[in-house]
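Below is one structure, written out as structure tokens, with a few remarks after it.
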Amino acid sequence: MDLEKENRWPIVLPLYDDEVLSSWIIRNSIANGSDPISFTGALWNNWRCWSIDIDTSISITQLSILSKASKISIKKLYTATLKPFKSDTKKTMYQSWIIPLGSRNRVKTNGYFFCSECIKENRSYMKRGWRFAWSISCSKHKILLSQACPKCNFPFSPHLIKYYATSTRHCQHCGYDLANSKNVRVKNSLFNFQENLDNAATPFLLNTNTYNEQLLLLRTLITFIQRSISRPKSFNNFLKEMSISEKIDLSHFPFERKSIEERYLILNILTKICLMTLNELISTLKKSKVTKTMFIQQTVSCPTIEHIVRKLSHSGKPRKVKAFIKNQSCPTPEHIVDDMMIEILDML
């Protein structure tokens, strides 16, 4: 008996160019009359792939087994994962933008998204680009992606479908039709911003020279935006320049772990900034009285960021040194005193 033939899938659906591997596996499990958990359990000898992030964690050995079952090359399957973005040194900045799935008893608490219009179609699938934190809209319908059932707030979980109920458009918890999710139209400027990042389009934003440098600058700007929103009193002038008048509450999570609604809000502000020239951005920061330490609080090796920081002023007020009484009097070491004096002189 030919074991390789016996383990081959009767039906093999095509892998779309922009489809993420987990999506393709889910679709094939349905096509072959199974469900994702049973399907992958039989394929990989009960490897619990849905308890982790299969798109970042799958090994070459596991891809080889998948290739034999589907007769699709390992290279093509590998390209459908997120591993190329983690291993390619030219794409090192991509890694920090990958949205972590988060998992609790196989339920993904973050990371799987759907378009409420695409899900109505027979050719519905999850795209690889949706796993990056800057991606918040469907490139076909230009609407905000969704990540949970609007009725019960259960995370979108197509990997939990059962062989007897294989519709991915229904919530796996309450059965609500996800196609009825509210559609939020994304602004053209933000949509174009997302498309440029997806396609690594040139010229790069704000005079950056490489794609990695561009992503590093965007990450710095996002951190600055989040700090501005969380401290509205200190950043009042900048928020006014960005036309933000109402108080905004953001979660404490890092950007890539925030809800899609929070990322949408932050990216709208980021898009406004990126529509400026570099000189206009610097002028806006100066006009808003943003200092070096308000803009960035750590050293970053990026020519554009360094240029912006050089143009900003130091903090207007010297840092206050609070006196306190020690239980045992002990003189401060000379080198620390020298460092403190240099810091004070720099601020004068």
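Any read-out appearing in this document is the output of simple, stated calculations on the displayed coordinates, not a laboratory observation. This is a predicted model, so every value here is computed, not measured. No Cβ is skipped: glycine too gets one built from the backbone with ideal geometry, and neighbour counts run over all protein chains shown.
Observations, loosely collected:
- Close amide-amide hydrogen proximity is noted between T291 and no other residue 5 or more places distant or on a separate chain, at a cut-off under 5 Å (H modeled in the peptide plane; Pro and chain starts excluded).
- If the chain linking E280 and C152 were pulled fully straight, counting 0.36 nm for each residue of separation and taking away their Cα-Cα distance, it would gain 41.6 nm.
- Projected label distance in nm at F253 and D17, using a 7 Å step from Cα toward the beta-carbon: 3.2
- Each Cα pair under 8 Å and six or more residues apart adds its separation to the average, and for the stretch 3-180 the resulting relative contact order is 22 percent.
- Principal-axis tilt of helix 334-347 within the chain, Cα atoms, nearest 10 degrees: 90
- The 3J(HN,Hα) values that the Karplus relation (6.51, -1.76, 1.60; θ = phi - 60°) gives for the stretch 276-282 are, in residue order, 7, 7, 4, 5, 5, 5, 4 Hz. Gly and Pro appear as x.
- The simple spin-label model puts a point 7 Å past each Cα toward its Cβ; for K162 and N207 those points are separated by 6.2 nm.
- Its residues counted as N, the stretch 188-292 yields a C-alpha radius of gyration over 2.2 N^0.38 Å of 1.06.
- Of the peptides 264-271, 243-250, 206-213, the order by per-residue mean of other Cβ atoms within 10 Å, starting with the highest, comes out as 264-271, 206-213, 243-250.
- For I30, net neighbour charge (Lys/Arg +1, Asp/Glu -1) across residues whose Cβ lies under 14 Å away: +3
- Over the stretch 176-320, relative contact order from alpha-carbon pairs under 8 Å, at least 6 apart, %: 27
- Note: relative contact order over the chain, using C-alpha pairs below 8 Å and six or more positions apart, is 13 percent.
- Comparing Q172, N199, T40 along the charge dipole axis of the chain, the residue lying farthest to the positive side is Q172, per the Cβ-charge model.
- Spherically averaged projected area of the chain from its Cα convex hull (nm²): 23.7
- Scalar couplings 3J(HN,Hα) for the stretch 74-81, obtained by applying the Karplus form with A = 6.51, B = -1.76, C = 1.60 to θ = phi - 60°, are 4, 4, 5, 5, 4, 5, 7, 8 Hz; x denotes Gly and Pro.
- Flagged links, alpha-carbon separation over 19 Å, of K120/K140; K83/K187; K120/K142; K83/K120; K151/K187; K68/K127: K83/K187; K83/K120; K151/K187; K68/K127
- For the stretch 272-287 versus the stretch 7-83, the gap between their alpha-carbon centres in whole angstrom: 46
- Each residue in M276, M294 was given a count of other beta-carbon atoms within 10 angstrom of its own, and listing them fewest first yields M276, M294.
- Whole-number Å³ per residue for the convex hull built on Cα positions in the stretch 3-180: 115
- Dipole check for the chain: with +1 at the C-beta of Lys and Arg, -1 at the C-beta of Asp and Glu, and the Cα centre as origin, the magnitude is about 680 Debye.
- Under the Karplus curve 6.51 cos²θ - 1.76 cosθ + 1.60, θ = phi - 60°, whole-Hz ³J(HN,Hα) for the stretch 293-300, x wherever Gly or Pro sits: 6, 6, 6, 8, 10, 8, 7, 10
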